[in-house]
Amino acid sequence: VDLQWSDTPSISILSLVTKLPSGLVIASLDNYSPASRIGVFVKAGCRYESPDNQGVTHLLRLAANLTTKGASAFRICRGVEAVGGSLGVTSSRENMIYSVDCLRDHIDTVMEYLINVTTAPEFRPWEVSDLTSRVKMDRALAAQSPQMGVIEGLHGAAYKNTLSNSLYCPDYMVGHVDADHMHNFIQNNFTSARMALVGLGVDHDVLKQVGEQFLNIRSGMGTAGTKAQYRGGEVRVQNGSSLVHSAVVSEGAAVGTDEVMAFSVLQHVLGVGPHIKRGSNSTSKLIQGVAKATADPFDASAFNVNYSDSGLFGVYTISQSAAAGDVIKAAIGQVKAVASGVSEADLTRAKTQLKAEYLMSLESSEGLLDAMGSQALTRGAYHSPEVIAQMIDSVSATDVANAANKFVSGKKSMASSGNLVKTPFVDEI
Amino acid sequence: MVSYQNPVSHQLIDGGMLLKEWQTAFATTGRLLVSFRKWYYNAAGFNKIGLMRDDTIHEDSDVKEALRRLPEKVYNDRMFRLKRALDLSMKQAVLPKEQRTQYEEDVHYLEPYLKEVIRERKEVEEWSKK
């Protein structure tokens, strides 16, 4: 049992993490809040899709409310509503997160539905085929956002396998992912050793009991995941948009390595977007640097993602199509400048911004549950914000410069969309 | 001809003849009952035009939903049998004895789906009362 204390003036809050023999990790933090939030985190994101079941995680994301062995779809909906709770599912490339929230008194009711949904879904063929229209809607909504297209394209270009899988069902599989695919995926991936049960505002023993009794259905590791292979490619989507969205990255840091904090600090040194609405972005090196290269409206921010065995770091730019080349080159020039050295003032400023961003993300119960769950899943423990703040503070200027150098010298991947007539190719940057 | 009785409203769709439910008041097991049922099945006569019991069910909204849920193959077989029966009816003909559906071959394919549809509808009605 991993114990961490953090004292507030009036109450002591204890976060507890236990690992059961089956491999299931149970984490809870009783903050005495009147509302509780419980999540089941599973290492079953789209990276675990195989070539013959592409899109199954998209369907699973939509199928959270379908009939289970213990309750029909109608009953789940009405039952959760009746206690004023909510049931939701989020999925990323690595994890699927099923979460419920409700008032403390109704934990038992919603917990029952949550366990049903995660361990005993029936995937009735007619209910699954009714999901096709929702898949199409999701895809249409994603197509509206150029950022989504660029990021999905970027992952598809940067990796050979696993992480190259899209969060959305590919075109050719719409209507062809059926109940068998979903059952097989659940059998192979929703196993105890890859799950974490996390609760906020719940008693740890209650969670432990639930974990031991109900989440032991499939033991073991399931199918082993494959290591992500970075390849560094390029994808260009020519369309009529006058704004060019472009992401240029190279391989970054995996979660749990020493470099992770350095890349996060580097990201804040370079700039992650406005901290003040309609402000002048005076602290963003990227914005200040690119502003010298073009007078047209643009946006530039540092892009940083960390996965369990790989990461991506680079710049994401939005520019007018005629100025695209100048903007991209100026942004990368700024990263090169940081690679040769970063001032103490910039470093301190970046660390403060990173700490503030992390702490503010923990202010909401969704953010806190997400942080606890992701940590419980990846390393089986939860680091308190103080420990994280210390880790951020220990990053030195050399670490940041080394991270920037890794980007400059690494093999680049690029994804662009828009009117690409003036957008350079990845080998021309 | 006897048609299938609507299980919810318990009304006779086609008046007059014996009901399958009536005979369950008699002994529930035994060779006598089985031979009686066989006789009744043949007397009902839909097997002469190649239909199964569930092909003759009156299509109300529950049955329509249950039909929607049938697996493709079962649904296609049903359609074929109905088509063949309509064709025979037009020609005022019946199938030769070897091709008629036998009592033992008759599969109540729709029954589980129909039961589930009705259960779900009752659940919705229960919740609406609250």
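Annotations for the structure displayed:
- Put A:HIS181, B:HIS108 in order of accessible area, highest first, and with a 1.4 Å probe you get B:HIS108, A:HIS181.
- Solvent-accessible area buried by A and B, counting both chains, probe 1.4 angstrom, square angstrom: 900
- Candidate aspartates and glutamates for bridging to A:LYS411, where Cα separation is under 16 Å - those fewer than 8 sequence places away on the same chain excluded: A:GLU234, A:GLU251, A:ASP427, A:GLU428
- Tail weight of P(r) past 17 Å, computed on alpha-carbon pairs of region A:35-143, percent: 56
- Chain-alone versus full-assembly comparison, region A:103-130, residues with accessible loss of at least 40 Å² (1.4 Å probe): A:ARG124, A:TRP126
- Where only DSSP H runs of four or more residues are counted, chain A gives -12500 deg cm²/dmol as its mean residue ellipticity at 222 nm, each run worth -39500 (n - 2.57).
- In this view, the solvent-accessible surface of A:GLU386, computed with a 1.4 Å probe and all protein chains in place, comes to about 100 Å².
- Percent carbon-and-sulfur accessible area, the protein assembly as shown, ignoring ligands, DNA and RNA, probe 1.4 Å: 55
- Per residue, the accessible area of chain A comes to 43 Å², computed with a 1.4 Å probe over protein heavy atoms only.
- Comparing mean-square fluctuations of A:LEU141, A:LEU200, A:LEU368 from a GNM of chain A with C-alpha springs under 10 Å, the top value falls on A:LEU141.
- Shielded residues, region A:55-84 - accessible-area loss of 30 Å² or more between chain alone and all protein chains, probe 1.4 Å: A:SER72, A:PHE74, A:ARG75, A:ARG78
- Packing, as the average of other Cβ atoms within 10 Å across residues, places the peptides A:223-236, A:15-28 in the order A:15-28, A:223-236, highest first.
- Residue list for region A:258-292, given a label point 7 angstrom along the Cα-to-Cβ vector of A:LYS422 and an amide N cut-off under 17 Å: A:290-292
- Cross-link pairs beyond the 23 Å C-alpha cut-off, checked among A:LYS285/A:LYS329; B:LYS73/B:LYS115; A:LYS160/A:LYS336; A:LYS136/A:LYS277: A:LYS160/A:LYS336; A:LYS136/A:LYS277
- Residues of region B:111-130 that lose at least 20 Å² of accessible area (1.4 Å probe, protein heavy atoms only) when the other protein chains are present, relative to their chain alone, are B:GLU116, B:GLU120, B:GLU123, B:VAL124, B:TRP127.
- Rounded, prolate or oblate (a/c below 1.5 giving rounded, otherwise prolate when a/b exceeds b/c) for region A:78-130 by Cα gyration tensor: oblate
- Proximal lysines relative to B:LYS130, as straight alpha-carbon distance under 22 Å, when same-chain residues fewer than 8 apart are discounted: B:LYS122
- Cα gyration tensor, chain A - rounded (a/c under 1.5), prolate or oblate: oblate
The values are calculated or read from the model by the stated rules, or taken from the named source; none is laboratory data. Fair warning: this is a prediction, and the values are worked out from it, not measured in the lab. Because the Cβ atoms are built from the backbone with ideal geometry, glycine has one as well, and the counts that use them run over all protein chains shown. We work out accessible area using only protein heavy atoms, side chains counted, and drop any ligands, DNA or RNA first. Shrake-Rupley method; radii C 1.70, N 1.55, O 1.52, S 1.80 Å.
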